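Visitor: Please see the structure below; I have some questions.
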């Protein structure tokens with residue numbers, strides 16, 4: 001009787017549902033002719049659980065029995081599931097679970113399959129500064145602002161709208177300023193990840209520096225002028241803009257090639 005009560009708790013943990021029907025316990029005991037005084041009977045719930053204090057920790061046999069119930073899509077233990085799990089060697093001892101039970105050995109005893117895997121190496125503490133040095137979060141601001149600035153400038157000239165030209169100016173100005181952040185975080189990412197300054201990254205950073213310099217030149221040419229720029233100055237300005245746009249585009253291509261491969 002004591003075994004029946006304890007084994008009821010075992011099956012509750014194995015199936016994840018409350019089994020209040022005695023036929024489940026009778027089935028297990030009658031199948032393997034388990035007596036309360038046997039080694040398997042004495043072990044009771046420890047056939048399926050590692051400890052009586054924490055039923056979430058299961059033996060290899062308990063895990064296989066739980067999986068058998070899940071595979072069958074039922075919470076009701078039956079002879080088919082018992083036989084299926086009985087044919088397994090849950091703890092890797094070289095004998096099936098059924099052979100162990102019939103020999104009076106608990107199938108939940110530890111075996112080779114229960115050997116603990118080496119403890120994982122402790123994870124290093126996370127730094128407040130990521131390995132990318134916030135470069136992906138910063139570098140897109142100057143690109144977006146610069147393109148938006150050129151677009152607004154073009155619309156301002158076409159529609160002869162000074163307000164659009166002023167909006168374009170501020171976009172280009174902020175693009176030039178934020179480009180310094182993009183360059184700084186780029187070098188910061190190289191330093192943190194110990195990336196050698198050569199190959200693709202050399203070309204990428206070289207183009208980024210050149211683009212930032214050209215943006216600064218554009219700001220210098222444009223400051224306090226906006227729509228009042230003389231034609232020669234405007235030609236030089238937009239010539240620099242075209243070159244800068246091309247350099248930014250290719251720098252972005254090289255950056256993507258470096259991260260994701262060509």
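Visitor: Using a 10 Å cut-off around each Cβ, can you sort 95, 57, 194 from fewest to most neighbouring Cβ atoms?
Guide: Lowest to highest Cβ neighbour count: 194, 57, 95.
Visitor: Taking the simple approach of a point 7 Å from Cα along Cα-to-Cβ for both residue 158 and residue 31, what is their distance in nm?
Guide: 7.7
Visitor: Moving on to the next point. Exposure proxy check: 204, 230 ranked by fewest other beta carbons within 10 Å?
Guide: Placing the least packed residue first, the sequence is 230, 204.
Visitor: Next question, about the same structure. Order of 184-192, 169-177 by packing, highest average Cβ count within 10 Å first?
Guide: 169-177, 184-192
Visitor: Based only on Cα atoms, what Rg/Rh ratio does region 30-98 have, Rh being taken as Kirkwood's radius?
Guide: Using Cα coordinates only, the ratio equals 0.95.
Visitor: Expressed as cubic angstrom per residue, what is the convex hull volume of the alpha carbon set of region 214-262?
Guide: 66
Visitor: Now for a separate question. Give me the distance in nm between label points sitting 7 Å out from Cα along the Cα-to-Cβ direction at residue 221 and residue 96, one decimal.
Guide: 8.5
Visitor: Residue 75 to residue 141: extension gain in nm, 0.36 nm per residue of separation minus the Cα-Cα distance?
Guide: Gain on stretching residue 75 to residue 141: 18.1 nm.
Visitor: Just report the Cα centroid separation between region 121-162 and region 77-110, whole Å.
Guide: Using only Cα atoms, the two centres lie 62 Å from each other.
Visitor: Relative to the first principal axis of the alpha-carbon coordinates of the chain, what is the inclination of helix 2-15, with its axis defined by its Cα atoms, in degrees from 0 to 90 and to the nearest 10?
Guide: 20
Visitor: Next question. Mind checking which of 79, 212, 251 has the largest fluctuation in a GNM of the chain, springs on alpha carbons under 10 Å?
Guide: Among 79, 212, 251, the largest mean-square fluctuation in the Gaussian network model of the chain belongs to 79.
Visitor: Taking region 135-260 on its own, what percent of its Cα-Cα pair distances exceed 17 Å?
Guide: For region 135-260, the fraction of Cα-Cα distances above 17 Å is 55 percent.
Visitor: To continue, here is another question. Could you please state, rounded to a whole Å, how far the C-alpha centre of region 174-192 is from the C-alpha centre of region 43-62?
Guide: 57
Visitor: A further question follows. Of the listed values [x] 7, 27, 31, 21, 10, 4, 0; [y] 7, 30, 37, 22, 4, 0; [z] 6, 22, 14, 7, 6, 10, 13, 12, 7, 2, 0, identify the label whose number matches P(r) over Cα pairs in 10 Å bins from 0, in percent calculated from this model.
Guide: [z]
Visitor: Using Cβ contacts closer than 10 Å as the measure, can you line up 52, 98 from fewest to most?
Guide: So the residues, fewest neighbours to most, are 52, 98.
Visitor: Using helices alone, what [θ] at 222 nm do you get for the chain, with -39,500 (n - 2.57) per DSSP H run of 4 or more residues, divided over all residues and rounded to the nearest 500?
Guide: So the calculated ellipticity at 222 nm is -21500 deg cm²/dmol.
Visitor: So what's the angle, to the nearest 10 degrees on a 0 to 90 scale, between helix 162-193 and the longest Cα principal axis of the chain?
Guide: Relative to the chain, helix 162-193 is tipped by roughly 50 degrees.
Visitor: Restricting attention to the alpha-carbon atoms of region 136-199, what are Rg (one decimal) and Dmax (integer), both in Å?
Guide: Computed over the Cα atoms of region 136-199, radius of gyration and Dmax are 15.6, 50 Å.
Visitor: Which angle between 0 and 90 degrees, to the nearest 10, do you get for helix 135-159 versus the longest principal axis of the chain when only C-alpha atoms count?
Guide: With rounding to tens, the tilt is 40 degrees.
Coordinate-derived values only; no laboratory data. The structure displayed is predicted, hence computed values, not measured ones. Glycine gets a Cβ as well: all are built from the backbone with ideal geometry, and neighbour counts include every protein chain shown.
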